[in-house]
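To start, the structure under review is shown below, and the notes come after it.
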Amino acid sequence: MNGAELLLQTAVEQGVDVCFANPGTTEMELVGALDQVPGMRGVLGLFEGVVTGAADGYGRVTGRPALTLLHLGPGFANGIANLHNARRAHTPVVNLIGDHASWHLSADAPLTSDIESLASPVSLHVERVTGPGHTGSAMLEAIAAAIGPPSGVATLIVPQDAAWGAADLHDVGLPPEVEPPVDGDAVGAAATKLRSGDGVAILLGGVVRRAELEAAHRIAEDTGAKVWVDTFPAVLEQGRGLPRFDAIPYFPEQAIDALAGIRTLVCAGTRAPVAFFGYQSLGRSDLLDKGCDVLELCPPGSRGHLGLDALVDALECPAAKVTDLDAPEVPGGNLDMITMGQVVGALQPEGAIVVNEAATSGLGWAITAGSAPPHESFSLTGGAIGQGLPCAVGAAVAAPDRKVIALQADGSGLYTVQSLWTMAREGLDVTVVVCANRAYRILQMELHRTGNDDPGPQARALTDLGSPALDWVSLAKGFGVEAMQATTIEELRAGLERGLATEGPFLVEALI
Ligand SMILES: Cc1ncc(C[n+]2csc(CCOP(=O)(O)OP(=O)(O)O)c2C)c(N)n1
């Protein structure tokens, strides 16, 4: 066995069995090991942003890391934006970055770079493997670090001589222990505040599934506390039968108004909210009133229900009923961003995973999703666009028996459009709805917010995608994905129905 095989064998033994990859020469032993070690599925992405975004999507579905396999500093650097999103989502991911053989580093060959410096800002754990016998224990530690809590991105740098050198299974020890994340003092303090009066709110973030929603709902029903959900949670389970809570508005002025009057904010799996950007006109970052107390039940990167369940017990909250909204219906009228989202909400099946990188076109779906059949949505946690299509790749690999819908803004989609090829090659069950507004609409809004009401030709040109008009149907077909364009509600309906009935990928370009 060589170091590469020991590394993969250890991963498989820990239940880590998918490797999203874009390798090079320094990773050839690891590529070869995929055929020697049974049980590891390699999935090729044609750009590192696809690889890292796919690992993010996979980790959000399973709560366990996938591997990424990346080529030295430059290959890794290409994947950083989506690792930034994964870091913000606290998604478990284990990066394998190949490096030159240790004795070749001092030669400063063309691909030599400072990988540690590139990896540190997006990783909660970075380790350089010291030799072939170290690959297994380094993998164990990386997986444990990625799963946490707090969960996140772990990175192993694997010099090529560590991969090709001889190794032994006995080199691997036991995985490290992890501490439970709940802060008992914060639970006690939150219980006292919740019982003693008003002005207490609860904020859910990170992974927000049924367990978080139901515990928060019981507390809210019993104490009158208002519950908020982060603007961009990593995972939000929603739909009929599930408690619904308002999301903190994106624009800070609206968020400040919405959160005004909260005197204590109890955070579960997240932290106190801040404005997405620092605006000259606003001059502040905080969204909460001055002096608002913040209690962290359990930190970002841990499941919020752990703290909330403890709070339910401390308060002895009774079970609480959920009242459902009527099921959404396909609307009439013209196809626009509102009706587009309503069509998706009306047709999406139970158990779907909706990867939401719809940007400004997401409003129609957002107002409909709470009454759709129960499903999960994944959002852009770190604001680095180009995450949606890769994330859908990873989600579909992780959940082959669920429908994945990628609600995809057109500008963002082009950053990692090669994801479509991986969808085709792997036969992934993804229905992509491209929200084709042919603009960087949010930037047009942001220009306006700077006081620029009459942008000149240059500013207009940098925020417009209309000329030449992108042809998503041809793009998709070029990557091997069947596609159609929709200009009416009926066409979108037909396209979605076709996509959802197809086992593999399908793309509908909705002109809105
Ligand atoms: C990696 C990265 N590059 C650039 C940006 C800046 N940016 C934010 S939104 C945006 C355009 C989004 O356009 P589109 O995806 O078409 O959505 P729309 O605003 O039209 O709804 C850009 C370029 C970013 N957030 N992340």
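The values are calculated or read from the model by the stated rules, or taken from the named source; none is laboratory data. Bear in mind the structure is a predicted one, so any value in this text is a computation, not a measurement. For neighbour counting, all protein chains shown are included, and Cβ atoms are generated from backbone atoms with ideal geometry for every residue, glycine included. Just so you know, the surface numbers come from the protein's heavy atoms only, side chains and all, with ligands and any DNA or RNA stripped out. Shrake-Rupley method; radii C 1.70, N 1.55, O 1.52, S 1.80 Å.
Quick rundown of the values:
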item: For Gly98, net neighbour charge (Lys/Arg +1, Asp/Glu -1) across residues whose Cβ lies under 12 Å away; result: -3
item: Pair Gln280, Val178: separation of 7 Å Cα→Cβ label points (nm); result: 4.4 nm
item: Accessible area, probe 1.4 Å, largest first, for residues Met40, Met484; result: Met484, Met40
item: Accessible surface of the stretch 12-169, 1.4 Å probe, proportion on carbon and sulfur as whole %; result: 56 percent
item: For the chain, with +1 on Lys and Arg beta carbons and -1 on Asp and Glu, the positive-most of Ser419, Leu389, His217 along the dipole; result: His217
item: Carbon + sulfur, % of accessible area of the stretch 337-511 - ligands and nucleic acids excluded, 1.4 Å; result: 55 percent
item: Accessible area (Å², per residue) of the chain, counting only protein heavy atoms and a probe of 1.4 Å; result: 40 Å²
item: Surface accessible to a 1.4 Å probe, Ile442 within the full protein complex, Å²; result: 50 Å²
item: Rounded Å value of the spacing that divides the Cα centres of the stretch 43-69 and the stretch 446-466; result: 35 Å
item: The stretch 1-46: proportion of alpha-carbon pairs further apart than 17 angstrom, %; result: 24 percent
item: Rounded to 5, percent antiparallel among DSSP beta bridges of the chain; result: 10 percent
item: The stretch 1-98: mean projected area of Cα convex hull, nm²; result: 5.5 nm²
item: Dipole magnitude of the chain, debye to nearest 20 (Cβ charges: Lys/Arg +1, Asp/Glu -1, about Cα centre); result: 800 debye
item: Net charge, Thr68 excluded, C-beta distance under 12 Å - Lys, Arg +1, Asp, Glu -1; result: -3
item: Cα lying deepest toward the dipole's positive end in the chain, options His100, Gly45, Gly332, charges on Cβ; result: Gly332
item: Alpha-carbon Debye profile of the stretch 337-511, log10 I(q)/I(0) at 0.19 Å⁻¹; result: -1.23
item: P(r) tail fraction, the stretch 197-293 - alpha-carbon pairs more than 22 Å apart, %; result: 27 percent
item: Charge dipole (debye, nearest 20) of the stretch 3-171; +1 at Cβ of Lys and Arg, -1 at Cβ of Asp and Glu; result: 680 debye
item: Normalised contact order of the chain, rounded percent, pairs of Cα under 8 Å and 6 or more residues apart; result: 14 percent
item: Reachable aspartates and glutamates, given that their alpha-carbon falls under 19 Å from the alpha-carbon of Lys193 and they are not under 8 places away in the same chain; result: Asp183, Asp185, Glu221, Asp222, Asp289, Asp293, Glu296, Asp309, Asp313, Glu316
item: Helical mean residue ellipticity (222 nm; -39500 (n - 2.57) per DSSP H run of 4+; nearest 500) of the chain; result: -11000 deg cm²/dmol
item: Compactness of the chain, expressed as Rg and Dmax over alpha-carbon positions, Å; result: 23.4, 69
